[in-house]
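The values are calculated or read from the model by the stated rules, or taken from the named source; none is laboratory data. Fair warning: this is a prediction, and the values are worked out from it, not measured in the lab. Cβ coordinates were reconstructed from backbone atoms using ideal geometry, including for glycine residues, and neighbour counts include every protein chain displayed. These area figures cover heavy atoms from the full protein model, side chains too; ligands, DNA and RNA do not enter into them. Shrake-Rupley method; radii C 1.70, N 1.55, O 1.52, S 1.80 Å.
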There are 4 protein chains.
Amino acid sequence: MLIHLDLEASDPIYNQLKNQIIAGIAKGELVPGERLPSVRALAQDLGINLHTVNKAYQQLKQDGFILIHRQKGVVVQPDGFPEADEEYWQGLQKTLHPLIAEAVCRGIKREEFVDLCSEIFKEFEKQGGK
Amino acid sequence: MLIHLDLEASDPIYNQLKNQIIAGIAKGELVPGERLPSVRALAQDLGINLHTVNKAYQQLKQDGFILIHRQKGVVVQPDGFPEADEEYWQGLQKTLHPLIAEAVCRGIKREEFVDLCSEIFKEFEKQGGK
Amino acid sequence: MLIHLDLEASDPIYNQLKNQIIAGIAKGELVPGERLPSVRALAQDLGINLHTVNKAYQQLKQDGFILIHRQKGVVVQPDGFPEADEEYWQGLQKTLHPLIAEAVCRGIKREEFVDLCSEIFKEFEKQGGK
Amino acid sequence: MLIHLDLEASDPIYNQLKNQIIAGIAKGELVPGERLPSVRALAQDLGINLHTVNKAYQQLKQDGFILIHRQKGVVVQPDGFPEADEEYWQGLQKTLHPLIAEAVCRGIKREEFVDLCSEIFKEFEKQGGK
DNA sequence: GTGGTCTAGACCACC
DNA sequence: GTGGTCTAGACCACA
């Protein structure tokens with residue numbers, strides 16, 4: 001799985017890394033139980049500090065996306081991912097709200113916005129083949 | 001128009017302020033040409049720092065949502081808001097991508113996600129005319 | 001409130017710090033809403049690195065014992081502490097189990113063990129006066 | 001006697017192993033003089049590293065719970081277990097202190113805590129004779 | 001001045 | 001070899 005980081009972006013590196021791993025899982029490129037590179041290996045691979053990788057891993061572990069296994073190292077959570085509870089929905093709503101407010105101001109219609117979302121969803125629904 | 005700030009949130013105050021003003025515009029609570037409170041007045045009203053209000057206003061001006069007249073004070077952009085250009089769409093896509101990736105991992109279906117978006121859109125469409 | 005760290009102990013410094021702050025809260029020495037020193041100030045005070053203090057603070061925040069307020073800085077959670085949910089009870093049971101197993105082997109009676117616990121509890125029940 | 005290890009836990013494997021053997025002794029499932037599996041046999045049985053089992057055994061020997069004979073193999077200490085000296089009590093107190101502090105913060109009453117301890121004790125008192 | 005992020009290098013516990 | 005901890009110094013966003 002390819003990971004591309006933009007070291008100039010305002011989005012922190014550890015967050016970009018975290019997001020790309022989640023995207024990898026969503027796309028099915030990373031399957032539950034699969035092993036991820038060690039912090040050191042990934043850090044060297046990406047040319048970043050090991051602590052930055054570690055921070056991403058710690059948050060993914062905290063969020064229930066990966067496990068840190070004594071023997072197997074870091075692996076994608078094999079026992080199902082955390083459900084979308086009420087708290088998550090509220091957070092999502094809070095995140096989308098300002099996004100949509102600005103979109104409305106810029107004259108974007110509901111259909112256009114929804115189409116964009118659907119397009120992004122499609123990217124993750126190819127899971128049959130891969 | 002009521003503004004509510006969460007001083008404990010990780011989202012910076014100036015950004016919350018900016019978002020709420022944009023939401024006010026999207027809802028039609030703030031109409032083009034309408035005058036906004038001065039930096040000083042708003043800062044005192046909200047009990048926050050002058051610089052914080054100023055930063056929000058500067059960014060809103062930069063994004064084309066308000067005008068800052070030396071005499072008339074601060075007014076909502078009367079000559080139409082900036083359009084959604086290609087750059088904006090790309091930014092929106094980049095923002096939505098990780099959000100949707102996580103939603104997919106948590107088992108949320110496209111339809112559920114779109115429904116949430118539509119519900120938020122409704123909040124901004126109650127205004128009849130505008 | 002006095003904080004004493006044992007830099008030689010196997011228990012990580014950030015954990016000692018975390019525990020002492022929790023103890024301070026339990027004793028009533030730190031009251032909800034009270035301000036804690038900044039990471040830098042406390043780090044210098046204790047002669048340790050600011051990241052170590054930060055780690056303790058982050059975990060306390062994560063566990064709901066403190067808030068990191070935009071203006072007031074770091075404060076003891078004013079809106080009530082996290083409840084003891086099922087998960088917490090299970091964790092506590094898991095922690096106590098091996099402790100009690102060893103105590104049994106060493107011939108300690110239930111009464112003796114419970115007395116020790118009660119004595120420790122007393123330390124936190126002085127809250128009327130302070 | 002069944003041993004269950006959680007390879008994902010933060011508690012090191014050797015420690016889990018050690019604790020479960022102590023628990024086995026406390027419950028009377030392992031009686032003084034009884035032979036334990038060899039390092040090699042147990043490691044293979046549990047699917048873990050030789051060194052891990054060895055470390056657990058060494059610590060148990062150090063703490064006086066087992067003997068390691070070059071010929072008879074590994075046996076549960078037949079001549080009585082180490083007493084609970086002053087040092088042990090102090091260590092126990094130090095371990096319980098932060099546990100109880102957190103419990104107090106979470107609103108747990110002394111009685112509830114003591115009840116939990118008593119319940120765990122019961123688990124070890126089913127043995128009639130010992 | 002605050003906390004947040006990133007880098008770099010070191011030591012240790014664990015396996 | 002792995003991850004966990006600690007230190008140190010730097011820069012930036014925020015208020």
Using a Förster distance of 60 Å, the FRET efficiency for B:LYS122-A:LYS72 (Cβ separation, nearest 0.05): 0.80
Span from the segment B:1-69 Cα centroid across to the segment D:1-24 one, whole angstrom: 57 Å
Alpha-carbon Debye profile of the protein assembly as shown, log10 I(q)/I(0) at 0.06, 0.09 Å⁻¹: -0.43, -0.88
Radius 13 Å from Cβ of A:HIS51, net charge of other residues (Lys, Arg +1; Asp, Glu -1): +3
Segment B:13-76, accessible area per residue, ligands and nucleic acids excluded (1.4 Å, Å²): 53 Å²
Of the DSSP H helices in chain B, those whose Cα atoms cover at least 20 Å axially and whose Kyte score averages -1.0 or more: B:13-27, B:86-105, B:110-124
Residue among D:GLN93, D:GLN16, D:GLN77 with the largest mean-square fluctuation in a Gaussian network model of chain D, springs linking Cα atoms under 10 Å: D:GLN93
Spread of Cα-to-Cα distances over 10 Å intervals beginning at zero, given as percent, for chain B: 11, 34, 35, 17, 3, 0
Separation in nanometres of the label points that stand 7 Å from Cα toward Cβ, at C:VAL31 and A:ALA9: 4.7 nm
With every protein chain in place, segment A:1-83: carbon and sulfur % of accessible area (1.4 Å): 47 percent
1.4 Å probe, heavy atoms, protein only - residues of segment D:98-113 losing at least 30 Å² accessible area vs chain alone: D:PRO98, D:LEU99, D:ILE100, D:ALA101, D:GLU102, D:VAL104, D:CYS105, D:ARG106, D:ILE108, D:ARG110, D:PHE113
Set of segment B:50-81 residues, backbone N closer than 12 Å to the point 7 Å along the Cα-Cβ line of B:ALA41: B:72-75
Highest-MSF residue in chain C out of C:GLN90, C:GLN59, C:GLN20 [GNM, Cα springs under 10 Å]: C:GLN90
Residues along segment C:1-42 losing 30 Å² or more of accessible surface when the other protein chains are present rather than the chain by itself (probe 1.4 Å): C:ASN19, C:ILE22, C:ALA26
Sites matching GluC sites (Glu not before Pro) across segment C:28-86 that sit in DSSP coil, with at most 13 neighbouring C-beta atoms within 10 Å: C:GLU83
Shortest-first distances to equivalent copies, position C:GLN90, nm, label 7 Å out along Cβ: 2.3, 3.7, 4.7
Position C:LEU50, label points 7 Å along Cα→Cβ, spacing to each other copy in nm (shortest first, one decimal): 2.4, 2.7, 4.9
Isotropic mean projected area of the C-alpha convex hull, segment B:13-76 (nm²): 3.9 nm²
Taking chain B and dividing mean pair separation by its residue count, relative contact order in percent (alpha carbons under 8 Å, at least six apart): 24 percent
Total accessible surface hidden between B and A, rounded to 100 Å², 1.4 Å probe: 4200 Å²
Pairs of Lys in segment D:13-76 closer than 15 Å at Cα, counting only those 8 or more apart or on different chains: 4
Reduction of at least 40 Å² in accessible surface, 1.4 Å probe, comparing all protein chains with the chain by itself, residues of segment B:48-97: B:PHE65, B:TYR88, B:TRP89, B:LEU92, B:GLN93, B:LEU96, B:HIS97
